[in-house]
Amino acid sequence: MISFVLLVLGFGLLIKGADYFVHGASSLAAKLGIPSLIIGLTVVAFGTSAPELAVSLIASFQGSNEIVLGNVLGSNIFNLLVVIGMSAVMTPLIVSKELLNRDWIISILGTTAVAFFMFIDQNISQVEGCILLALFSVVLGLQIRASLKSKKGNQQSVVVENDEEVTKESNSKIIFYTLVGLIGIVLGAQFAVNGASEIARMFHISETIIGLTIVAIGTSLPELVTSVVASKKGENEIAIGNVIGSNIFNILLILGVSTSLNTIPIQFNTIIDTLILIVISIALFIPAKYNKLNAKTGICMVLFYACYMAYVIIR
């Protein structure tokens, strides 16, 4: 019973902590004169992926490697099928050519690189983790550079903060939000990992299944809420961009950091899950390209995720 309480409490702290951290860090960056576009691409993007990062780091330090991989792969599959699927059910989604031809392709290539590392020697080594981090740095630099060159004024709306409201907030209040957010993320990750590991042992379930299901869904809740709300408001680019951006962060930054600290051995089922993620990413690229991400497609995506969950549990 305590394990379930820890898990729920951990998810609550993760979600609220990420919200506080984004609010505080975005406000601080805005006060320092950093363009809101850069804040959106860095601080906010990092904030929505903070739960996955914190859980993966804690799990890596504790040697729970299966939770690390399950969390990253499970979160990305959940993002593509459920988050985009539910958003498409709310309103038809139209993906911009820039997002489709650049970020979506980067997400596929990043996952393919991870699959390649897995095939080489049945693990992801510390060196390979550093390569993923280097790739992430290059990708982030290219994204910021491309976005700064863009003259579309609506890109500034990605950041929730309002400049006038930011200037009215005291420095102490901003620092408070940032620190409380970080503390919430760290404690939440610790509780979530401990609770998930204990549940796995209690019911004799592998940590891979726990990572792919409970942990992955729990840490992806910020993306789900953000994209569904954005979709209801007609903000297609935010709804889709949030998912693809988060997936890039997960596969390159989070998996890169975790594996650079500790070489992670790979099980055969993990390779299968990685290949499934690649297939899903490529398969969804087609309806996204032809503006077919509508309610019918969204329902099929959610149903496919349910089938995938059944496969993970019974295999």
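Tabulated data for the structure shown
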item: Filter result for Thr112 (in contact with a Lys or Arg (Cβ under 8 Å, 6 or more places away or on another chain) and surrounded by fewer than 22 Cβ atoms within 10 Å (Cβ to Cβ)); result: no
item: Residue under evaluation Ala200, criteria (1) among the small types (Gly, Ala, Ser); (2) in contact with a helix residue (DSSP H, G or I) (Cβ under 7 Å, 6 or more places away or on another chain); (3) within 17 Å of Val95 (Cβ to Cβ), criterion not met; result: (3)
item: Counted residues, the stretch 88-133 - those being aromatic (Phe, Trp, Tyr) and under 26 Å from Lys296 (Cα atoms); result: 1
item: Qualifying residue in the stretch 214-235 (condition: of a type in the set (Ser, Thr, Tyr) and not in a helix (DSSP H, G or I)); result: yes
item: Whichever residue in the stretch 1-29 is within 16 Å of the chain's Cα centre (by Cα) and either of a type outside the set (A, V, I, L, M, F, W, C) or more than 12 Å from Val186 (Cα to Cα) (or both) and, among such residues, is modelled with the highest pLDDT; result: Lys16
item: Of all residues making up the stretch 106-144, the number that are farther than 27 Å from Ile286 by Cα, assigned to a helix (DSSP H, G or I), more than 19 Å from the chain's Cα centre (by Cα) and among the aliphatic types (A, V, I, L, M); result: 3
item: Qualifying residue in the stretch 176-195 (condition: under 16 Å from Gly70 (Cβ atoms), touching a residue at least 40 places away in the same chain (Cβ under 8 Å), polar (S, T, N, Q) and crowded, with 20+ Cβ neighbours inside 10 Å); result: no
item: Residue that is modelled with the lowest pLDDT, among those in the stretch 56-72 that are within 15 Å of Ile217 (Cα to Cα) and of a type in the set (S, T, N, Q); result: Ser56
item: Matching residues in the stretch 212-240 - criterion: being within 23 Å of Ser137 (Cα to Cα) and surrounded by fewer than 24 Cβ atoms within 10 Å (Cβ to Cβ); result: Glu237, Ile238
item: The stretch 201-211 - residue that is more than 19 Å from Ala54 (Cβ to Cβ) and of a type outside the set (Val, Ile, Thr) and, of those, surrounded by the most Cβ atoms within 10 Å (Cβ to Cβ); result: Ser206
item: Pairs, first among the aromatic types (Phe, Trp, Tyr) in the stretch 63-90, second modelled with pLDDT of 90 or more and in a helix (DSSP H, G or I), C-beta under 8 Å, six or more apart; result: Phe78/Tyr305
item: Selection from the stretch 276-302 of residues that are part of a helix (DSSP H, G or I) and surrounded by fewer than 15 Cβ atoms within 10 Å (Cβ to Cβ); result: Val279, Ile282, Ala283, Ile286, Lys289, Ala295, Lys296, Ile299, Cys300
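The values are calculated or read from the model by the stated rules, or taken from the named source; none is laboratory data. All of these numbers come straight from a predicted model, not from anything done at the bench. Positions of Cβ are backbone-derived with ideal geometry, glycine not excepted, and every protein chain shown enters the neighbour counts.
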